[in-house]
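The values are calculated or read from the model by the stated rules, or taken from the named source; none is laboratory data. In this text, all values refer to a predicted model and were calculated from it rather than measured experimentally. Note that each Cβ is placed from the backbone with ideal geometry, even for glycine, and that neighbours are counted across all protein chains shown. Heavy atoms of the whole protein, side chains included, go into the accessibility calculation; ligands, DNA and RNA do not. Shrake-Rupley method; radii C 1.70, N 1.55, O 1.52, S 1.80 Å.
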Amino acid sequence: MERNLKNVLVISFGFLLLFTAYGGLQSLQSSLNSEEGLGVASLSVLYAALILSSMFLPPILIKKLGCKWTIAISMCCYIAFSLGNFYASWYTLIPTSVILGLGGAPLWSAKCTYLTIAGTSYAEKAGKNAKDIINQYFGVFFLVFQSSGIWGNLISSLIFSQSSTKVEISEEDLECCGAYNCLTDTTNTTGSAKPSNSLIYTLLGVYTASGVLAVLLVIIFLDQIKSDQAETEKEKLEAPSFWSTFLATFRHLKDKRQCLLIPLTMYSGFEQGFLSGDYTKVYVTCALGIQYVGYVMICFAAVNSLCSLLFGKISQFTGRKLLFALATVTNTACIIALLLWKPHPKQLAVFFVFPALWGLSDAVWQTQTNGLYGILFEKHKEAAFANYRLWESLGFVIAFGYSTKLQAYIKLYILLSVLVLSMVTYGAVEYLEAKSSPGTPTTTKKENGGPHSQETRM
């Protein structure tokens, strides 16, 4: 096997193992650590730390340690979060969430840098177009990585379904499920009852082992980038100082189009935060039990991956406006239905319909918003994508931050309001583009190497 391709596969399967653990844990936080909102508070802190990390850590670590060791050390930050869940408290989860957040941005930046250098190196040897090889490498990576959402959630559901105590949920308790959920912890005695400690420890043991395997895979099998290959990339990393990058991010807000895209970018964080923090808890766990959370999130991950691939291909024929309209209509219909629906175990199929439709919409928000940034701000991509990471992460922070303070119906109204605002401001962006370049087609290309997945699936 060609050495560069071997390295791509090592990174891909390393990320698969790592995010199999993290993805499953993120889906369970609101249900597994529901006392005083500890789980969602930890996720809110995590994304706040990620914002800070994105601003200054990646260039520093990659320059000092190189890509291989930045990836390995950053992966250890994720393992720390798994370990913090063994004894979940404010003194363990919050610090480990900060550690994970700080490690997140360097991990993804080092991955992107490594794949770019590997692709460029192979293209030079083979006499091929570097861009084509880099896109192929990113394609291989995401093909392997995207399935992590399926495996992580499958593991949690299979382990929790081994529980010997099957709790019957009374009609009275079901009244506390859904949009008008009870904010008290009384519902924890029924569907959201925690599995036994032995099952929780088994799951956390599997997740921790998966993370450790990821680190060992990278340390043992990933080649260090040769110094002459890395030199050019180091020069790129050295060029902008922290303050120049920091200022460039906010200077980019002088662009009216960037300001108009803030609601749309934040909505991406809001809608993903609602699904993983609220839908899993007040609909699924409350009415069916925590063992169903994984199965439901598998449905979301599978549809999301398939639709991401599909929309990336067909966007050149449909244009981005039609896809944004599809996502808006689908998400709006889901929000209205969730406001009206009273979840009941007898309606099992409905619990899977919502995440499937949500996955379809999310695929549009990710591929098309990412591509839109790449097209609109082609000359200032670094500052543009820094803004993308900043505002999407802020959406996560806010969504997880108010998760335990408000009833679900209020959060759904907030979600709907932000969606409407997003479409109004997005429409203004399209209007400005059409006005400035009449007759230019505005089809969207998928950014294969875009930085989207690090925050959305973090």
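Things to note:
- Here each label is just a point 7 Å from Cα along the line to Cβ, and for Ser89 and Leu421 those points are 3.9 nm apart.
- Applying both filters, DSSP loop and at most 15 other Cβ atoms within 10 Å, to the trypsin sites (Lys or Arg not before Pro) of the range 70-175 gives Lys128, Lys166.
- Stretch in the chain that is longest and holds no GluC sites (Glu not before Pro) that DSSP places in a loop and that have at most 11 other beta carbons within 10 Å: 169-458
- Using a Förster distance of 30 Å, the FRET efficiency for Asn135-Ala349 (Cβ separation, nearest 0.05): 0.20
- Inter-part distance where the range 54-126 and the range 367-408 are each reduced to a Cα centre, Å: 20
- Three-way shape call for the chain based on the alpha-carbon gyration tensor, with the a/c threshold at 1.5: oblate
- Taking all protein chains into account, the per residue accessible area for the range 1-123 stands at 31 Å² (1.4 Å probe).
- Ellipticity estimate at 222 nm from DSSP helix runs (n ≥ 4, -39,500 (n - 2.57)) divided over the chain, nearest 500: -26000 deg cm²/dmol
- Ordered from largest to smallest accessible area (heavy atoms of protein chains, 1.4 Å probe), the residues Tyr431, Tyr409, Tyr114 come out as Tyr431, Tyr409, Tyr114.
- Solvent-accessible surface of the range 248-435, taken per residue with a 1.4 Å probe and all protein chains present: 37 Å².
- Accessible area of the range 248-435 belonging to carbon and sulfur atoms, whole % at 1.4 Å probe: 71
- Cross-linked pairs Lys256/Lys342; Lys125/Lys254; Lys6/Lys254; Lys111/Lys313: Cα-Cα separations exceed 32 Å for Lys256/Lys342; Lys125/Lys254; Lys6/Lys254.
- Taking 7 Å steps out from each Cα toward its Cβ at Met55 and Gln316 produces label points 4.0 nm apart.
- Tensor-based shape of the range 1-121 (alpha-carbon gyration tensor, a/c under 1.5 rounded, otherwise prolate or oblate): prolate
- Disulfide-incompatible cysteines by the Cβ rule (no partner under 4.7 Å) in the chain: Cys67, Cys76, Cys77, Cys112, Cys259, Cys299, Cys307, Cys334
- Note on the range 131-181: along the principal axes its Cα atoms extend 59, 30, 8 Å, ordered by decreasing extent.
- With a Förster radius of 35 Å applied to the C-beta separation of Thr332 and Ile375, the computed FRET efficiency comes to 0.85.
- Backbone geometry of the range 80-91 corresponds, through the Karplus equation with coefficients 6.51, -1.76 and 1.60 at θ = phi - 60°, to 3J(HN,Hα) couplings of 4, 5, 4, 5, x, 6, 4, 10, 6, 8, 5, 7 Hz, x marking Gly and Pro.
- For the range 248-435, a Kirkwood hydrodynamic radius built from all Cα pairs, placed in the Stokes-Einstein relation at 25 °C and 0.890 mPa s, yields a translational diffusion coefficient of 143 µm²/s.
- Sequence ranges 67-80, 337-350, 254-267, ranked by mean other-Cβ count within 10 angstrom, highest first: 67-80, 254-267, 337-350
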